[in-house]
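Trainee: Once you've had a glance at the structure underneath, I'll fire off some questions.
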Amino acid sequence: MIKLSWALMGEHADEWTGADTQEGAAVLEDRLTAVVEDSGMTAETAQHWRSTFLAPVVEALRTEGQAAISRGATWSKAAGPMLVSVSPALAVS
């Protein structure tokens, strides 16, 4: 299990706990895409934001983040106004 947290400076923060970084990356991409689409940005600006900030972080989560989690470590990455971190989730009994 992993815990994935993210923040858009001054706009939005959220977290998700689930099975792995691949699923987490999909959740991150879906949720932040929805936030950006609801933000009032023009379609062109939203596309630029997704390709410049979101896509590189999602890809890094799938590769670098997965590697860190596999070692039992944490991982974080910032891009523009966005910060994403992932860590092994503590089991709750």
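The values are calculated or read from the model by the stated rules, or taken from the named source; none is laboratory data. Note that the structure is a prediction, hence the values are computed from the model and not measured. Reconstructed Cβ throughout: ideal geometry from the backbone, glycine too, with neighbour counts over all protein chains shown. Surface accessibility is based on the protein's heavy atoms, side chains included, excluding ligands, DNA and RNA. Shrake-Rupley method; radii C 1.70, N 1.55, O 1.52, S 1.80 Å.
Trainee: With a sphere of radius 13 Å drawn around the Cβ of D20, what net charge do the other residues whose Cβ falls strictly inside it have (Lys, Arg +1; Asp, Glu -1)?
Mentor: Around D20, the surrounding residues sum to +1.
Trainee: So what does W6 come to for accessible area, using a 1.4 Å probe and Å² rounded to 10?
Mentor: 10 Å²
Trainee: While we're on this one: At 20 °C and 1.002 mPa s, grab the translational diffusion coefficient of the range 1-72 from Stokes-Einstein with a Kirkwood Rh over Cα pairs, rounded to a whole number in µm² per second.
Mentor: Value of D from the Cα-based Kirkwood radius: 168 µm²/s.
Trainee: A further question on this structure: Going by Cα centres, the range 56-93 and the range 7-48 are how many Å apart?
Mentor: If you average the Cα positions of each part, the centres end up 15 Å apart.
Trainee: Given a 1.4 Å probe and every protein chain left where it sits, what share in percent of the accessible area of the range 22-91 is carbon and sulfur?
Mentor: Result for the range 22-91: 54 percent of the exposed heavy-atom area is carbon or sulfur.
Trainee: So what's the angle, to the nearest 10 degrees on a 0 to 90 scale, between helix 21-37 and the longest Cα principal axis of the chain?
Mentor: So the inclination is approximately 20 degrees.
Trainee: Now for a different question. Can you work out the accessible area per residue across the chain, with the rest of the protein chains kept in place, probe 1.4 Å, in square angstrom?
Mentor: Each residue of the chain exposes 57 Å² on average to a 1.4 Å probe.
Trainee: Excluding A89 itself, what net charge comes from residues whose Cβ is under 14 Å from its Cβ, given Lys and Arg +1 and Asp and Glu -1?
Mentor: -2
Trainee: Taking the Cα centre of the range 36-93 as the origin and placing charges on Cβ (Lys, Arg +1; Asp, Glu -1), which of A60, M82, A46 is farthest toward the positive end of the dipole?
Mentor: Result: A60.
Trainee: Can you give the net charge of the other residues whose Cβ lies under 15 Å from the Cβ of A34, counting K and R as +1 and D and E as -1?
Mentor: Spelling it out: positives minus negatives among the neighbours equals -4.
Trainee: Normalised by the residues of the chain, what does the relative contact order come to in percent, with Cα pairs under 8 Å and at least six apart?
Mentor: This gives 37 percent for the chain.
Trainee: May I ask you to rank M9, M41 by accessible area, largest first, using a 1.4 Å probe over the protein chains only?
Mentor: M9, M41
Trainee: Given only helices, namely DSSP H runs of n ≥ 4 each adding -39500 (n - 2.57), what is the per-residue ellipticity at 222 nm of the chain, to the nearest 500 deg cm²/dmol?
Mentor: After summing the helix terms and dividing by the residues of the chain, the value is -10500 deg cm²/dmol.
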